[in-house]
Structure formats: C-alpha cells, structure tokens
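Reading through the structure tokens given below for one structure.
The values are calculated or read from the model by the stated rules, or taken from the named source; none is laboratory data. Source: prediction; values computed, not measured. Cβ placement follows ideal geometry from the backbone for every residue including glycine, while neighbour counts extend to all protein chains displayed.
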C-alpha cells in the first residue's frame, strides 16, 4: 500500500527530515538490530572486488556505525560509502568520525542509476519500501546491469505486530530524544513542546509497514528483471532479537547455473 511518507516529500524542511533519520540511526546503532545479517554482508562482500559497501538511501547513517565497527573489528578492511538522494552531510560527517572505513558522497545519488565509479556491494537498509514497483525493480536492474552485488534489509512488514510497534513509536522517540547527540534545541522543541516529530515518526512508521514488500513480492521483482538468472538470490527472514530482518542478497553467479533454490 503505497501511501505517502513525510520523509519522501520535497517540501518537508530538511531539519525535520534530518531529525527523523537521526532517530532511526540512534535506534539502529544502539540496538544492534543488524547483528544477524553480518554474515550476509560478508557473503556479499566476497562477490565484490573492492571490499567496499555502497549504501543507498543512508539517511543519517542508520546502523552503519555499528556495522562498520563490526566488519572492521580485527582490521580496517571494509570501506562503507554512505549515499542518499537527500544527503544529510552533517550526519554523515558525525557517523564517519565514529567508525573506521566510513565515508560518504555529498551529492545526491539515485539508487536506480548509481554512478559506475561507485563499485561494491550495494545495500539498502530500511528504505527499499520507499520505492514503488517500477523503481524498486529499477534498483535491482541497475545492480544487475553493473554486475554488482546487492543486499536489501527491512525490519518491518505488513503484520499487526509491526503496525502496533510503529503506532507506539512516539513513546520510543520521547524516551530516546534526550540521549541523541549532538544536543539540538530545535529537536527538543519539535519533540516535546510542539510535538511535530512524534506525529511524523508514527505516520511514517505505520506507512513503512504497509509499504514493505513481502518475500513473495521480492521474488516477483527479481523474476521481472532482465538477466536475473545470471545471479544467485537469497531471500528470507532472519531472527533479530524479539523481531526479524527480511533480507534479499543477490550476487553474480560464478557459473551459468540456475539461481539459488531459496529464491
């Protein structure tokens, strides 16, 4: 159900959009929700010649600080490049200072037409649902045409449990805001005195759940792409604490064999 999200609207002030993505980044980094998919990222990186992750739709950096620290725990060997159609450069700068190997692109990057010089594992964390079917398929198609691996992760679906969790997200925002750094008076104003942010977060959270593609719908998108059978595909849900992460991993096949049976 492709209802609108405030975060997608050009008219939404950048300050409010950045506050929303800062909140999501804080949650992702503090909860370690991506711990179960580290092995998925490592598998995808093996298909990349540059040991580089090109993150699309990075928002405020998401859980990339935690991921960068995890992947580079022993040595700095993985570089993660943050990109977005609405790049939050200040948040990118803060994130890159907190973990090894984190870099960013200041200019807007279209996930449907990634510059060819940005090579590596393409990732989309909690943002694939923002794209309607044609654009979503275009993201996968562009990766296939560029012969680059692609990984998609969502932590919500169209279930009642997810919808209820999103409906109560304003409470989480109210509790977390004092812990989000750097401190910002406008963030406090629009959270507690003029509660615009809690309403925006709740609406976008509920709509995100309604917009999220199911496993079968992801498979249909893959089947609709030209050259999809030159890739191995892994589409499944993995448990993450009390919740889950829905993942899609596509890597160029080493042979001309049929795609992964889990497709």
Pick from 174, 249, 188, 163: which is in a helix (DSSP H, G or I) and under 21 Å from the mean Cα position of the chain (by Cα)? 163
Got a number for residues in the stretch 146-155 being surrounded by 14 or more Cβ atoms within 10 Å (Cβ to Cβ), in contact (Cβ under 8 Å) with a residue 60 or more places away in the chain and not in a strand (DSSP E or B)? 3
Kindly check whether there is at least one residue in the stretch 6-27 that is more than 24 Å from residue 108 (Cα to Cα), in contact with a helix residue (DSSP H, G or I) (Cβ under 8 Å, 6 or more places away or on another chain) and in a helix (DSSP H, G or I). yes
Could you go through the stretch 29-37 and let me know if any residue there is crowded, with 21+ Cβ neighbours inside 10 Å and over 15 Å from the mean Cα position of the chain (by Cα). no
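Checking the condition under 29 Å from residue 95 (Cα atoms), out of contact with any strand residue (DSSP E or B) (no Cβ under 8 Å at 6 or more places or on another chain) and surrounded by fewer than 15 Cβ atoms within 10 Å (Cβ to Cβ), which residue from 164, 175 passes?
Exactly one of 164, 175 is under 29 Å from residue 95 (Cα atoms), out of contact with any strand residue (DSSP E or B) (no Cβ under 8 Å at 6 or more places or on another chain) and surrounded by fewer than 15 Cβ atoms within 10 Å (Cβ to Cβ), namely 175.
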Selection count where residues are crowded, with 23+ Cβ neighbours inside 10 Å and either in contact with a helix residue (DSSP H, G or I) (Cβ under 6 Å, 6 or more places away or on another chain) or touching a residue at least 40 places away in the same chain (Cβ under 8 Å) (or both), scope the stretch 66-87: 3
Considering residues that are under 21 Å from residue 104 (Cα atoms) and either surrounded by fewer than 23 Cβ atoms within 10 Å (Cβ to Cβ) or modelled with pLDDT under 90 (or both), the number found within the stretch 42-60 is 10
Let me spell it out: the conditions are (1) within 14 Å of residue 59 (Cα to Cα); (2) in contact with a helix residue (DSSP H, G or I) (Cβ under 6 Å, 6 or more places away or on another chain); (3) in a loop (DSSP other than H, G, I, E, B), and residue 99 meets all of them except one. Which number is the exception? (1)
Out of 158, 181, which single residue is surrounded by fewer than 21 Cβ atoms within 10 Å (Cβ to Cβ), at pLDDT below 95 and closer than 29 Å to residue 215 by Cβ? 158
Among the residues listed as 173, 193, 188, the single one being free of Cβ contacts under 8 Å to residues at least 12 places away in the same chain, touching a helix residue (DSSP H, G or I) at 6+ places or on another chain (Cβ under 8 Å) and closer than 21 Å to residue 18 by Cβ: 188
Here's a check for you: in the stretch 211-223, which residue that is out of contact with any strand residue (DSSP E or B) (no Cβ under 7 Å at 6 or more places or on another chain) and surrounded by 18 or more Cβ atoms within 10 Å (Cβ to Cβ) is nearest to residue 9 (Cα to Cα)? 211
So, residue 69, is that one closer than 22 Å to residue 183 by Cβ and not in a loop (DSSP other than H, G, I, E, B) or not? no
Taking the stretch 113-139 and keeping only residues that are within 28 Å of residue 211 (Cα to Cα) and surrounded by fewer than 17 Cβ atoms within 10 Å (Cβ to Cβ), one is left with 113, 115, 132, 133, 134, 135
